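The block underneath contains the structure these notes are about, expressed in structure tokens.
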Amino acid sequence: MKSAQPTERNLAVIKWLTFLMFMMFAMTTDAVGVIIPQVIKEFHLNMTVAGAFQYATMSGIAFAGFFLGYLADKLGRKKAIILGLVLFALNSYLFAVGSSFLFFLALLMISGTAIGIFKTGALALIGDITRSTTEHTATMNTVEGFFAVGAIIGPATVAHFLAIGASWKWLYVIAGTICGVLIVTASSVTYPQSTRSVESVDLKRTMAMMRNPYALGFSGVIFLYVAVESAVYVWMPTLLSAYHGSATFVAAYAISIFFVLRAAGRFLGSWMLARLNWAAVAALFSLAILLCFVSSMIRGISITVFLLPLSGLFMSVLYPTINSKGISCFRKAEHGAIAGVILFFTCAAAVVGPLAMGAVSDSFGSPQYGFILATGLAGLLFISLLLNWIVNPTRQILQQLDVTEYRVADTHGTALQE
């Protein structure tokens, strides 16, 4: 039996629900850099072992994205989102009673799995609430803008707790409480109709998607981008620790400046990409990132202290734009599965990139060599996006899906209410 279509007010609530979901989980995932030094002291660990706090979460998200992403298509967006949020909330409260490193690692794995479930549901939902592939990209930039805001709030919250002598674990209790509000909201609103696939919706379909050139192409570009971005927020503090010039204030707050510029750029990107050619914007911004890295390597740390934080402004639109276009190359009934595949490569890059940079830096005795590797990856990213702008391989498929999935399907589609 079909329910009534959601009202404009309901759609506005759904959008804000999506925005706040991304902000909430970013508070935990991007605060790990501030938490790890406390974990090292608390459990007397070395950096390699303590780094598992980052890898456990990313591994959980990657696992859920690839192996459970199809749940957003099979169960429906609403059920997948609520399932993931409930698991995340319950798991977050368990941090308050934990006291061992291995216990916390297990919780972080579960937390990552929960994020992977509700994030793929939310990414698929964006296709249901937008009216074109262009609007999809603009909305994705706004969503990721709220993620970037959460990336600022989380570390600041942990820093405040530590300053007053409280435990970092309270961050997860706060996130769990916010998640509870989101669960109530998600349960009470009417979701838009979403077309169901007549094909079998299971892991086999996700595996088959790995042979699709659009899935592989966008996943590969996402991998390059995330490896470059993670180079900055993971290793920039280590690189700048040797800085002793006049811009010590900038060096001390380099990560915060990077995150603020990334957040501001994503909200600006939401407006910009609704009006400009996305391929041109992506190519030009990737060139700006490459120039920031190349100039930093050539001119040395005196210019690096300014250019690497500045790169956050140019990185801002790339991830949500590439992610959006990758998802938009598929039918709405497949958005959960493709979002999961791209999410898998996102998390794989967030693990492999910093690990490779750390290994290179250790081998040659300086973090600068790790950034030389990152500069090479930034070069590959620019070449990929430049070729995409010139060749424009997705033009036809995006135009076709604009008609079949957004305009025609909105009026004539045989959709089932979730």
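The values are calculated or read from the model by the stated rules, or taken from the named source; none is laboratory data. A quick note: this is a predicted structure, and the numbers were derived from the prediction, not measured. Note that we place each Cβ from the backbone using ideal geometry, even for glycine, and neighbour counts take in every protein chain shown.
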Looking for whichever is of a type in the set (Phe, Trp, Tyr) and over 16 Å from Lys169 (Cα atoms) here; the options are Phe95, Phe88, Phe67. Which one fits? Phe67
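Return the total of residues in segment 274-288 being among the charged types (D, E, K, R) and in a helix (DSSP H, G or I).
Within segment 274-288, the subset among the charged types (D, E, K, R) is 275.
Adding the requirement that they be in a helix (DSSP H, G or I) leaves none.
Count: 0.
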Positions within segment 115-149 being among the basic types (Lys, Arg) and within 15 Å of Pro320 (Cα to Cα), in sequence order: Lys119
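Can you tell me which of Ala166, Ala151 is of a type outside the set (Asp, Glu), under 30 Å from Ser99 (Cβ atoms) and crowded, with 17+ Cβ neighbours inside 10 Å? Spell out the reasoning first.
Working: Ala166 fails: crowded, with 17+ Cβ neighbours inside 10 Å.
Unique residue meeting the criteria: Ala151.
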Selection status of Ala264, modelled with pLDDT under 95 and either of a type in the set (D, E, K, R) or farther than 29 Å from Ile338 by Cα (or both): no
Scan (1) touching a residue at least 12 places away in the same chain (Cβ under 8 Å); (2) under 30 Å from Arg131 (Cβ atoms); (3) surrounded by fewer than 16 Cβ atoms within 10 Å (Cβ to Cβ) for the single condition Val13 breaks and write down its number. (3)
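Does Phe19 count as surrounded by 16 or more Cβ atoms within 10 Å (Cβ to Cβ), out of contact with any Cys (no Cβ under 7 Å at 6 or more places or on another chain), within 25 Å of Ala138 (Cα to Cα) and of a type in the set (A, V, I, L, M, F, W, C)?
Yes, satisfied.
Looking for whichever is of a type in the set (Phe, Trp, Tyr) and in contact with a Leu (Cβ under 9 Å, 6 or more places away or on another chain) here; the options are Phe67, Phe63, Phe104. Which one fits?
Details: Phe63 fails: in contact with a Leu (Cβ under 9 Å, 6 or more places away or on another chain); Phe104 fails: in contact with a Leu (Cβ under 9 Å, 6 or more places away or on another chain).
Just one listed residue meets the conditions, Phe67.
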Positions within segment 307-361 being free of Cβ contacts under 8 Å to residues at least 24 places away in the same chain and either closer than 26 Å to Phe267 by Cβ or assigned to a loop (DSSP other than H, G, I, E, B) (or both), in sequence order: Leu307
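Could you identify the single residue in Thr206, Thr133, Thr157, Thr190 that is in contact with a Cys (Cβ under 9 Å, 6 or more places away or on another chain), farther than 15 Å from Met21 by Cα and either of a type outside the set (D, E, K, R) or without any contact (Cβ under 8 Å) to a residue 24 or more places away in the chain (or both)? Walk me through how you get there before you give the answer.
Details: Thr206 fails: in contact with a Cys (Cβ under 9 Å, 6 or more places away or on another chain); Thr157 fails: in contact with a Cys (Cβ under 9 Å, 6 or more places away or on another chain); Thr190 fails: in contact with a Cys (Cβ under 9 Å, 6 or more places away or on another chain).
The conditions single out Thr133.
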Taking segment 378-415 as the search range and keeping residues that are outside any helix (DSSP H, G or I) and surrounded by 12 or more Cβ atoms within 10 Å (Cβ to Cβ), which one is modelled with the lowest pLDDT? Gly413
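Report the residue count in segment 249-277 for those that are more than 19 Å from the chain's Cα centre (by Cα) and among the aromatic types (Phe, Trp, Tyr). Working first, answer last.
Going residue by residue through segment 249-277, those that are more than 19 Å from the chain's Cα centre (by Cα) are 249-254, 271-272, 274-277.
In the following step, the residues that additionally are among the aromatic types (Phe, Trp, Tyr) were identified as 249, 253, 271.
Final tally of qualifying residues: 3.
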For Leu308, only one of the following conditions fails: (1) at pLDDT 90 or above; (2) more than 30 Å from Ala242 (Cβ to Cβ); (3) over 17 Å from the mean Cα position of the chain (by Cα); (4) not basic (Lys, Arg). What is its number? (2)
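Out of Ser256, Ser286, Ser270, report the one residue that is modelled with pLDDT of 90 or more and of a type in the set (S, T, N, Q). Explain how you work it out, then say what you get.
Values: Ser256 fails: modelled with pLDDT of 90 or more; Ser270 fails: modelled with pLDDT of 90 or more.
Checking each option against the conditions leaves just Ser286.
For segment 83-99, indicate whether the set of residues that are outside any helix (DSSP H, G or I), crowded, with 24+ Cβ neighbours inside 10 Å and either under 20 Å from the mean Cα position of the chain (by Cα) or not small (Gly, Ala, Ser) (or both) is non-empty. Steps first, answer last, please.
We begin by selecting, within segment 83-99, every residue outside any helix (DSSP H, G or I); these are 98-99.
Right, trim to crowded, with 24+ Cβ neighbours inside 10 Å and you get none.
No, segment 83-99 contains no residue that is outside any helix (DSSP H, G or I), crowded, with 24+ Cβ neighbours inside 10 Å and either under 20 Å from the mean Cα position of the chain (by Cα) or not small (Gly, Ala, Ser) (or both).
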Tyr225 fails exactly one of the following numbered conditions: (1) surrounded by fewer than 21 Cβ atoms within 10 Å (Cβ to Cβ); (2) within 19 Å of Pro354 (Cβ to Cβ); (3) at pLDDT 95 or above; (4) of a type outside the set (A, V, I, L, M, F, W, C). What is the number of that condition? (1)
For segment 284-300, check the following and say yes or no: at least one residue is under 30 Å from Gly76 (Cα atoms) and under 20 Å from the mean Cα position of the chain (by Cα). no
Looking at the structure I just gave you, is Ile289 of a type in the set (Val, Ile, Thr), surrounded by fewer than 24 Cβ atoms within 10 Å (Cβ to Cβ), under 30 Å from Ala247 (Cα atoms) and in contact with a helix residue (DSSP H, G or I) (Cβ under 8 Å, 6 or more places away or on another chain)? no
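Let me confirm something: among Ser256, Ser270, Ser295, which residue is of a type outside the set (Asp, Glu), surrounded by fewer than 18 Cβ atoms within 10 Å (Cβ to Cβ), more than 22 Å from Tyr214 (Cα to Cα) and in contact (Cβ under 8 Å) with a residue 40 or more places away in the chain? Spell out how you get there, then give the answer.
On the way: Ser270 fails: surrounded by fewer than 18 Cβ atoms within 10 Å (Cβ to Cβ); Ser295 fails: in contact (Cβ under 8 Å) with a residue 40 or more places away in the chain.
From the options Ser256, Ser270, Ser295, the qualifying one is Ser256.
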